[in-house]
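As structure tokens, the structure follows; a few thoughts come after it.
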Amino acid sequence: MKNFLKSKSNLLSIKRQMPLQAMVLPGIIVLLIFSYLPMFGIIIAFKDFTIAKGFLGSPWVGLKHFISFFTDSTFIMAMKNTVILSLLRLLICFPAPIIFALILNEIPYLRYKKVVQTSSYFPHFIAYVVVAALWSNLLDPRGLVNNFLIGAGLISKPIEFWTDPGKFRILAIIVDIWKEIGWGAIIYIAAIAGINPELYESAKIDGASRIKQIIYITLPSIASTIAIMFILSIGGLFRGNLDQSYLFGNAFNKQTSYIIEYYVLDMGFKTMRYSFATAVNLFQSLISLVLLVFANWLSGRISGNRIF
């Protein structure tokens, strides 16, 4: 009887939610078509795929492609660059939105705060092609930055920013922060807005400074949000920014700008080695999954915050 009533209650609940489910349905269909169905294509990572023979006609080769890319020095270089850039983003770009959100929260003038906040969101919506053109011209040997430095007497000849391999990584981080700091801060600003104002009032009565309020109230209150975002960031340690590497990369800085995504692009579209490119991408996805699961487990053990 209890099971019958529970089943009837579930059916009534589903019936009430039908309009909402109908709204979600198109998104689910798009997700299935463009995200889940293409996953069946990973089988070509274990085949010697050609367009003429197709999925079924292409012969199985097992782990041949996986062994091949591990012995390819270009892949090793791409993997090293991807990991280094991702670690730099984790160490520098990850805390930047948190710090920015904390600073915004301390601005007492609401109008000025809104202007700064809105201005910081704007770069996120600019296409990377435009961003690349802007920063390439800005840091060109005859660009604004070099002209200013020469005019100020700080340098005697122009600096080759985008052709120096040693400068690419730090420039990539600067561009990332400029483009995404405002957008990345939104979730932290929302978390801070949900903190009980009475906590700050009590702290003020006790004589706590603004710094102490941040340390003992704000940061602990948004710790769960930070933990979740950190877990997601760990999952991306083995992934790079293809737009950035493709648009800012060149023959001169290739040894530091060439990443796994660029390598997959070259293997798949330039050399038409579809199976090889799929094998590389599958390996990258598996490593990302392992990192995500490990970070989630570790966060759960240390702080009790986890995604699943």
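The values are calculated or read from the model by the stated rules, or taken from the named source; none is laboratory data. Just so we're clear, the structure is a prediction, and the values are computed from it rather than from any experiment. Don't worry about glycine lacking a Cβ; one is built from the backbone with ideal geometry, like all the others, and counts go over all protein chains shown.
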Residue by residue through the range 59-96, note down the ones that are farther than 30 Å from I226 by Cβ and touching a residue at least 60 places away in the same chain (Cβ under 8 Å). V61, H65, F66, S68, F69, T74, F75, M77, A78
Every residue in the range 53-94 that is loosely packed, with under 14 Cβ neighbours inside 10 Å, among the charged types (D, E, K, R) and in a helix (DSSP H, G or I), please. none
Kindly indicate which of F122, F69, F100 is over 21 Å from the mean Cα position of the chain (by Cα), on the phi < 0 side of the Ramachandran plot and not charged (D, E, K, R). F69
Within the range 279-292, residues being under 17 Å from the mean Cα position of the chain (by Cα) and surrounded by 13 or more Cβ atoms within 10 Å (Cβ to Cβ) number 7
Mind checking which residues of the range 252-278 are surrounded by fewer than 19 Cβ atoms within 10 Å (Cβ to Cβ) and part of a helix (DSSP H, G or I)? K254, Q255, L265, D266, G268, F269, K270
Could you identify the single residue in I307, I222, I215 that is over 30 Å from F55 (Cα atoms), over 19 Å from the mean Cα position of the chain (by Cα) and surrounded by fewer than 16 Cβ atoms within 10 Å (Cβ to Cβ)? I215
Quick one: what pairs do we get from the range 285-296, first residue touching a residue at least 12 places away in the same chain (Cβ under 8 Å), second of a type in the set (A, V, I, L, M, F, W, C), C-beta under 6 Å, 6+ apart or different chains? I287/F238; S288/F238; L291/I234; L291/L237; A295/I231; A295/I234; N296/I231; N296/I307
So which residues in the range 297-306 are part of a helix (DSSP H, G or I) and without any contact (Cβ under 8 Å) to a residue 60 or more places away in the chain? W297, L298, G300, R301, I302
Output yes when any residue across the range 10-28 is modelled with pLDDT of 85 or more, of a type outside the set (A, V, I, L, M, F, W, C) and not in a helix (DSSP H, G or I), and no when none is. no
Determine which member of the set I155, I98, I107, I103 is assigned by TED's automatic domain parsing to the domain that holds R239 and at pLDDT 95 or above. I98
